[in-house]
Structure formats: C-alpha cells, structure tokens
Amino acid sequence: EHLALWGGRFTSGPSPELARLSKSTQFDWRLADDDIAGSRAHARALGRAGLLTADELQRMEDALDTLQRRVDDGSFAPIEDDEDEATALERGLIDIAGDELGGKLRAGRSRNDQIACLIRMWLRRHSRVIAGLLLDLVNALIEQSEKAGRTVMPGRTHMQHAQPVLLAHQLMAHAWPLIRDVQRLIDWDKRINASPYGSGALAGNTLGLDPEAVARELGFSRVTDNSIDGTAARDLVAEFAFVAAMTGVDISRLSEEIIIWNTQEFAFVRLDDAYSTGSSIMPQKKNPDIAELARGKSGRLIGDLTGLLATLKGLPTAYARDLQEDKEAVFDQVDTLEVLLPAFTGMVRTMRFGADRLEAEAPTGFALATDIAEWLVKNGVPFRHAHELSGACVKIAEGRGQELWDLTDEDFIDTFAAFLPADKAPGVRQVLSSHGSVDSRNGKGGTAYGRVREQIADAKAQVEEL
Ligand code: ARG
C-alpha cells in the first residue's frame, strides 16, 4: 500500500510523472537529523498538551531514537515512493512504532512549518562551520602579513603602478572583507534565530501546543511572530545566500591577484607544490588551480543566490511549492564553500613571496610622483601646481627612459624654478624611496609600518571578539 502523507480525498495515487517531479529526497534527506530532532521536541509538546500519554511519549521517543540510529547506520533511507524527507521519516517511524502511535506525531504540525524550521536549523549549523573556515583564512592572511614585515610592493590602481604600499597592507586589505563576512553571518544569525514550528500550514495550530518550548529545544531563542511569515518567508535563506556569494566574490578577488602575482612576468609569489597542479602535456607547468577554482566557483555561488531570488520574486505570501526550490541553492553554496575554503587557506598559508622582486618593482613606473607633489606642498606650493611640476618630472624621466630618482639636481632646480629657490629643490630626493614614501603615509589606516602593525593588532582583536 502506498504510504503517502495525503490521499484521503484522492481516488488514485500520483502519476509516475508527477511523483518524479515532486520528489525531493535526493537533496532534502540531509535534513533528516534535524527533522528527527524537531519531531522529538514536537512529541514533547504533544505530551505537554495532553495529546500523548506519558507512556506514549516514552514509546515515541524510543522509536525516534531507533529511527535516528537507523538513519545513522544507513539501514533506513528514502525509497522511490517517498515524496520528501518528511514522508520518508514518517514511514520509518510507523515501521518502528506502529500505525497507531506513529500516526499521532503529525498532529498540530505541517510540512510547511516543519521544512521552514529545518532549513533554519541546518543553515545555522553550517554557517558556524563556514565562519570557522573563514576565520582560518583570515588568520592565514594575518600570519602572512606579519611575516611580510617591512616588505614594500607596487600598489596599483587601474592595475597601473600607483604608490608603493607594504605587502602586509595589501594582504590585510583582503582580510577585512572576510572578517566582515563572518560578522555578517553572526548578525544574520540573530535574525534567523526564531523557530517557525507551531505556525502549522499557515494560520497557527489549534491544539494548544507550546511553540516556545519547541523553539528552546531546537536551539532557537524565540518563535516567529507571524505564522504566515514563519512558513512563507525565505528572505533569511536568501540573506545567507548573499553572504555566501559575497564570500565567494571576496575570495575571487584575492584569487585574481594571486594568479597575476604568480605569473612569470610578475613573479611576486610562488605557490607551494602541494597547493598547485601540473599539466598533462607541458612538463614545466605549475598552475594556480585552487585560485582559479575559487574564481570560477564564485560564479556558481552568485548563480545560487540569483536563482533563489528569482524563485521568490512574485510568490504570494504563504506556502507554495516553489519554496521547495530554496534548498538546493544553499546546499550547493555550503558544499562549495566547505570544500573550497580549506584548500584556499592552505594555498594562502604556504605561498612564498619574492621580497626582492616586490621591493625592486615598488618604486618603478613613477610610483613616487605623488610623493614629489606632496613634498612640494609641504614646501608651500599649491597642490594644483605641485601636481603639474611632479608631472613635468615624470615627463622628463619618461622621455629619457629613466626613473624619477635618475633626474639630476639641475632637472629639479629647473622644473621647480618658479616656486622654489635652487638650494631647496634637490631636497626632493629625500622622498624618492619607496620606504620613505610608505612611512610618510602614517595617518590611521595608512600603509606606514607602524599603522599596519596597529591594523594587524586591531584585526586580531576583532577576530578574538567574534
Ligand atoms: N518538501 C516541501 C518543501 O521542501 C515541503 C512539503 C510541503 N508540501 C506541501 N504540499 N505543502 O518545501
């Protein structure tokens, strides 16, 4: 006999085509543990409401324990006829407890409040795993920043040499967004920390159950305020999906830098053998596949978010079956991040920077031109003119195929003549080094060594507080 959760008013079972379409056990079975935990809490609520005797409750809890064991060891699993994880678990419970008792558990709940609760439980647990993995990555970036010491590198805007920066400063620029991603997850948890159990199909339940006790047992600090919202809302699932997508994008931007730094032309960084791959045809190749996969998978994480938002758009506000489509999107994101992040962190932790290359490249491409302009400002030249004068120095150097520090005293004297006395002009040389340039950017958040040390200490303190 077909053991469905519905059927009373039907003269036939579902057509095979419908059954195939409707089926979700292939992806929602991973909610089984949470469903059994929910069922245990719900059974106790039924007991407190007088709908299960003490003896029945005891037998129900025993049966749920047995069911959990069977799920754990794989001796119980969904079969072809089970529509979803809830259908399968009811079948399993009835196998163990019998029709009479097993059939009582469903009173006062609907798969609508049940599934809304389960996705929250599952996501909350995995968000903590992901936050932990993200903090590992943040710590790897902090370690690399500490190891980088005073090493300078070319800071770029538009990918063009802009101003020298500390390598540690550039690395920390990737740590902060990741710290914010963790903060986002923590903040999101405050909103998703409400149990929809008791919302029923949409209107609440008549059986005098205590949703607050159920919520507490399931690790929630409160119950959703509106039973329709409790069953229908997926904004919190979408918010999680945004954070997952944002995390992917943040990692992708770091990946892009690593890929570029790892090219032969840049040679800023070397990846550890254990975190690089080879080529099947070109024996010399050592490829940054982890960074490339991270960059690629960010597209997939974004797709999961946009797919979910598209599903939600235009849904009337109460349960509709469309909502079943929320799960695969976030399951895919979680699976993706839980595999990606450990590999990515390993790559970051073991990469080695070519300090000599970084140092040599840092001041080139006229990266100290701003320092000349600012030195002129300190000597009383209005910035508009200072910018022009420094630009004129660049023009001379570029024309000769030289760098700024190759200019002669006469060049500086002539170029600055309208604004500075000749004995002062050559003094500009004091700012023509990348370390001097970096150290002069000593305001809060700047790239001066002391400020970067301070920044690293702040990051550690913030991580400590999470
Ligand atoms: N499997 C569904 C989901 O994941 C829950 C079942 C609700 N079905 C229903 N006919 N009300 O959203």
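The values are calculated or read from the model by the stated rules, or taken from the named source; none is laboratory data. Bear in mind that the values here come from a model prediction, so they are computed numbers and not experimental data. So basically every Cβ, Gly included, is an ideal-geometry build from the backbone, and we count neighbours across all protein chains shown.
Some points to look at:
- Leu340 vs. criteria buried (at least 16 other Cβ atoms within 10 Å of the Cβ), more than 16 Å from the ligand (Cβ to nearest atom), under 27 Å from the mean Cα position of the chain (by Cα) and touching a residue at least 24 places away in the same chain (Cβ under 8 Å): yes
- Identification of helices (runs of 4 or more DSSP H) wholly contained in region 1-106 with 2 or more residues that are crowded, with 18+ Cβ neighbours inside 10 Å yields 25-28, 32-48, 54-73, 85-102.
- Some residue of region 21-30 being away from the ligand (no atom under 16 Å from the Cβ), aromatic (Phe, Trp, Tyr) and within 39 Å of the chain's Cα centre (by Cα): no
- Residues in region 344-372 that are touching a Phe, Trp or Tyr at 6+ places or on another chain (Cβ under 7 Å) and assigned to a helix (DSSP H, G or I): Gly346, Met347, Thr350, Arg357, Leu358.
- On the stretch given as region 290-323, residues that are surrounded by 17 or more Cβ atoms within 10 Å (Cβ to Cβ) and of a type in the set (Asp, Glu) total 1.
- When region 175-230 is limited to residues that are among the β-branched types (Val, Ile, Thr) and touching a Pro at 6+ places or on another chain (Cβ under 6 Å), the one that is surrounded by the most Cβ atoms within 10 Å (Cβ to Cβ) turns out to be Thr224.
- Scanning region 373-431 for residues that are farther than 19 Å from Gln163 by Cα, hydrophobic (A, V, I, L, M, F, W, C) and touching a residue at least 40 places away in the same chain (Cβ under 8 Å) yields Phe416, Phe419, Leu420.
- Screening region 439-466 for residues that are at pLDDT 95 or above and of a type in the set (A, V, I, L, M, F, W, C) and picking the one that is surrounded by the most Cβ atoms within 10 Å (Cβ to Cβ) gives Val452.
- Counted residues, region 1-20 - those being touching a helix residue (DSSP H, G or I) at 6+ places or on another chain (Cβ under 6 Å) and away from the ligand (no atom under 12 Å from the Cβ): 1
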